Amino acid sequence: AQKVTQAQTEISVVEKEDVTLDCVYETRDTTYYLFWYKQPPSGELVFLIRRNSFDEQNEISGRYSWNFQKSTSSFNFTITASQVVDSAVYFCALSDPHNNNDMRFGAGTRLTVKP
Amino acid sequence: NAGVTQTPKFRILKIGQSMTLQCTQDMNHNYMYWYRQDPGMGLKLIYYSVGAGITDKGEVPNGYNVSRSTTEDFPLRLELAAPSQTSVYFCASSLARAEEQYFGPGTRLTVT
């Protein structure tokens, strides 16, 4: 069964728009970890955030913010005032003990920010 | 620190050939991983290692082998390459199992 669902395959916005990338996960465990990674056109994966299941506080880092809601099993990612350099594929991932804490990735959302 | 390095960056194999993808990390991480990324998909775990001498299968291990003789190195071996193994391969390492993983730049492999 798929553990992480990123329903938005592709999103296109114009620079300075805000954009939210959705992530819905499934797990039987009460302790688990959620991640977001960015994959720019160059291909490498860049870590953005790690959140454990006991910390539901929203997090803000510059133009990036994350909304973690256990009630809806979601961990959404918002970019405020998007820039062309934000264009990338973004992956949400889940690590839970039921799967040996293996990281399970969603299929990714391709974000294109146009000037 | 170089982080995680992978060689080669690109490779074209013919069906039935074998090759080894190299991965080295200099962060003294015990945990290392091999993933494959197919077009338009997320990463899938092939094999992982929790320390020198210890390896285990991930979600998609068939057609691959690994070894971990040192903390630094975690090579991935493809025997009898098949077109289904055409993919981008990423090596990663982490300090602990559910911690942030550091990824190498990837190896783009084509099997024809």
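The values are calculated or read from the model by the stated rules, or taken from the named source; none is laboratory data. Keep in mind that what you see is a predicted model, and the values were worked out from it rather than measured. Don't worry about glycine lacking a Cβ; one is built from the backbone with ideal geometry, like all the others, and counts go over all protein chains shown. Keep in mind that these areas ignore ligands, DNA and RNA; they rest on the heavy atoms of the full protein, side chains included. Shrake-Rupley method; radii C 1.70, N 1.55, O 1.52, S 1.80 Å.
Can you tell me the dipole magnitude for segment A:4-114 around its Cα centre, using point charges on the Cβ only (Lys, Arg +1; Asp, Glu -1), in Debye to the nearest 20? Each step should come with its number before you reach the end.
Numbers: 10 positive and 14 negative charges, 20 e Å.
Rounded to the nearest 20 debye, it is 100 debye.
Order A:50-60, B:58-68 from most to least packed using the mean count of other Cβ atoms within 10 Å. Each step should come with its number before you reach the end.
Values: A:50-60: 12.4, B:58-68: 16.5.
Taking the mean over residues of other Cβ atoms within 10 Å, the ranking is B:58-68, A:50-60.
Give the accessible surface of segment B:49-102 per residue, rounded to a whole number of Å², with probe radius 1.4 Å and ligands, DNA and RNA excluded.
On a per-residue basis, segment B:49-102 sits at 45 Å².
In segment A:2-101, with Lys and Arg counted as +1 and Asp and Glu as -1 at Cβ, which of these residues, A:VAL4, A:HIS98, A:SER71, has the Cα nearest the positive end of the dipole, that is, farthest along it?
Looking along the dipole axis, the top candidate is A:HIS98.
Do any of A:LYS3/B:LYS44; A:LYS3/A:LYS114; A:LYS38/A:LYS114; A:LYS3/A:LYS70 go past 20 Å between their Cα atoms, and which?
Flagged as over cut-off: A:LYS3/A:LYS114.
Going by amide H atoms built from the backbone, whose H comes under 5 Å of the H on A:GLN8, apart from near neighbours?
A:ASP22
May I ask you to derive the FRET efficiency for A:ARG110 and B:SER18 from their Cβ-Cβ distance with R0 = 30 Å, giving the value to the nearest 0.05?
Once rounded, the FRET efficiency stands at 0.35.
Counting only protein heavy atoms and rolling a 1.4 Å probe, how much accessible area do B and A lose on contact, total for both sides, in Å² to 100?
Rounded to the nearest hundred, the buried surface is 1500 Å².
First compute the accessible area of the protein assembly as shown with a 1.4 Å probe, then give the percent of it belonging to carbon and sulfur atoms.
C and S atoms contribute 48 percent here.
Taking the simple approach of a point 7 Å from Cα along Cα-to-Cβ for both A:VAL14 and A:SER71, what is their distance in nm?
For the pair A:VAL14/A:SER71, the computed spacing is 3.5 nm.
Among all the aspartates and glutamates, which ones have a C-alpha under 13 Å from B:LYS57's C-alpha, if same-chain residues fewer than 8 places away are not counted?
A:ASP102
For segment A:4-114, what relative contact order do you get, as a whole percent, if you take Cα pairs closer than 8 Å and at least 6 residues apart?
This gives 39 percent for segment A:4-114.
Please list B:THR70, A:THR109 from largest to smallest accessible area, probe radius 1.4 Å, with all protein chains kept in place.
B:THR70, A:THR109
Using a 1.4 Å probe and counting only protein heavy atoms, arrange B:ILE15, A:ILE11 so the residue with the most accessible area comes first.
Sorted descending by solvent-accessible area, the residues read B:ILE15, A:ILE11.
Could you grab the relative contact order for segment B:4-102? Cα pairs under 8 Å, six or more apart, rounded to a whole percent.
Values: 216 pairs, mean separation 33.7, N = 99.
For segment B:4-102, the relative contact order is 34 percent.
Provide the solvent-accessible area of B:LYS14, counting protein heavy atoms only and rolling a 1.4 Å probe, rounded to the nearest 10 Å².
The value for B:LYS14 is about 130 Å².
Which distance in nm do the two modelled labels at B:ILE54 and B:THR5 give, with both placed 7 Å along the Cα-to-Cβ direction?
Modelled inter-label distance: 2.8 nm.
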